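Heads up: the structure comes next, in structure tokens.
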Amino acid sequence: MDVSASGFLAAALSAAPLAVSQRGGPLCHELARGVLELSPRGAHAATPAFVVSAGVHGNETAPVEILAAIVDDVLAGRLPLGVRLLAVLGHPDALQSGERYLDYDMNRLFCGRHASQADAREAARAAELEAVVGEFFDTARGPRLHYDLHTAIRGSVYERFAIVPYLGGERPARQRLATLAGAGIEAVLLHSAPAATFSYHTSHHHAAESYTLELGKARAFGQNDLARFAAIDAQLRRLVAGEDARECEIPPCFAAKYDLIKQSEAFRLHLAADVENFTRLAAGSVIAEDGETRYVAADGDERILFPNPGVKPGLRAGIVIGPVSA
Ligand SMILES: [Zn+2]
């Protein structure tokens, strides 16, 4: 594997303890493999608590490289630390093999869902991550933030977009959306139901301001064009340093209208195999058929997200979304 060996990343991949000089720099605790808590000296309960996770899917390497470089810069004193930072490399074994997951998609196993897939290797890791973020946020009395960083195989009309976990019907504050735009986010999906994702877990159980961020194309280690990730990298570094976040004009917002559920093997998705996320669906066009059931696009403003006709029957084969005001 071609890895520009970062201390934090190399240690996580090899399951070796991270060698850190504790003299003078931030306080540093390795809570689990690939999980590092960094605190400025003099941090107190009201110091902002920031979880940055990457590599929950093992084939999504660019965010891992970005996070590892930030951690290494903090440890080397090249980047000031103004928050309590929990850096999480989600799935080191899958990162090692370059696979999205080994047995089961880990980002469907949070909120305790891991108990229902106890044989999957991801189950133990999801439980471990729930425990460490719980411990990390338990003592936080100031702002709590969680950015869960991903990339996607499929192209997207909006290259970089955020998913806001379900907030019980509430809308996120406009300033939060402006901060996402400042990180290079071009569109926002407001989730309309609970999910077993890492970001919903920290939002729901720890009252964190949490996002799943889809930041572009998934590529192997060493093949990422990190210039395409400059805006999120710069925003993460501002937040880690405790500086004010950059804010930009609020991006277009969307919400799920309904899920395309694959009820049987007769399910047919009438979209190109390489259809991009956020592709607009022509009014009246048949999106999918499943035996007697037909899904027809309504008003010309609907778009498709995460189409995947290859899932097992009973699972979601795509989401039909529509625009909402921020
Ligand atoms: Zn992902």
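The values are calculated or read from the model by the stated rules, or taken from the named source; none is laboratory data. Just so it is clear, the structure is predicted and the values come from calculations on it, not from any experiment. Methodologically, a virtual Cβ is constructed for each residue, glycine included, from the backbone with ideal geometry; neighbour enumeration extends over all protein chains shown. Protein only, heavy atoms only, side chains kept; ligands, DNA and RNA dropped before computing areas. Shrake-Rupley method; radii C 1.70, N 1.55, O 1.52, S 1.80 Å.
A few notes on this one:
- Residue that is nearest to the ligand (Cβ to nearest atom) [pool: residues in region 89-114 that are open to solvent by 70 Å² or more (accessible area, probe 1.4 Å) and assigned to a loop (DSSP other than H, G, I, E, B)]: Arg100
- Odd one out for Leu213, checked against (1) touching a residue at least 60 places away in the same chain (Cβ under 8 Å); (2) in the same structural domain as Ala178 (by TED's automatic domain parsing); (3) open to solvent by 20 Å² or more (accessible area, probe 1.4 Å): (3)
- Test: Gly82 is part of a loop (DSSP other than H, G, I, E, B) and touching a helix residue (DSSP H, G or I) at 6+ places or on another chain (Cβ under 9 Å): yes
- The set of residues from region 212-228 being within 13 Å of the ligand (Cβ to nearest atom) and closer than 13 Å to Gly184 by Cβ comprises Leu213, Glu214, Leu215, Gly216.
- For region 131-160, a tally of residues being within 16 Å of the ligand (Cβ to nearest atom), assigned to a strand (DSSP E or B) and within 15 Å of the chain's Cα centre (by Cα) returns 7.
- Positions within region 237-268 being open to solvent by 30 Å² or more (accessible area, probe 1.4 Å), of a type outside the set (Phe, Trp, Tyr) and assigned to a strand (DSSP E or B), in sequence order: Lys257, Asp259, Ile261, Arg268
- At least 1 residues being open to solvent by 20 Å² or more (accessible area, probe 1.4 Å) is the threshold, and among the strands (runs of 3 or more DSSP E) wholly inside region 18-69 those reaching it are 27-32, 35-39.
- Contact annotation: residue pairs with Cβ atoms under 6 Å, 6 or more positions apart or on different chains, pairing a residue in region 11-35 that is at pLDDT 85 or above with a partner that is open to solvent by 30 Å² or more (accessible area, probe 1.4 Å) and of a type in the set (Gly, Ala, Ser), are Arg33/Ala15.
- Any hit, region 165-181, residues being part of a loop (DSSP other than H, G, I, E, B), among the aromatic types (Phe, Trp, Tyr), assigned by TED's automatic domain parsing to the domain that holds Phe50 and on the phi < 0 side of the Ramachandran plot: yes
- Tyr200 fulfils the conditions (1) outside any loop (DSSP other than H, G, I, E, B); (2) away from the ligand (no atom under 16 Å from the Cβ); (3) modelled with pLDDT of 95 or more except for a single criterion, (2).
- Residue match in region 204-211 (condition: in contact with a strand residue (DSSP E or B) (Cβ under 8 Å, 6 or more places away or on another chain), at pLDDT 95 or above, within 17 Å of Asp259 (Cβ to Cβ) and within 16 Å of the ligand (Cβ to nearest atom)): no
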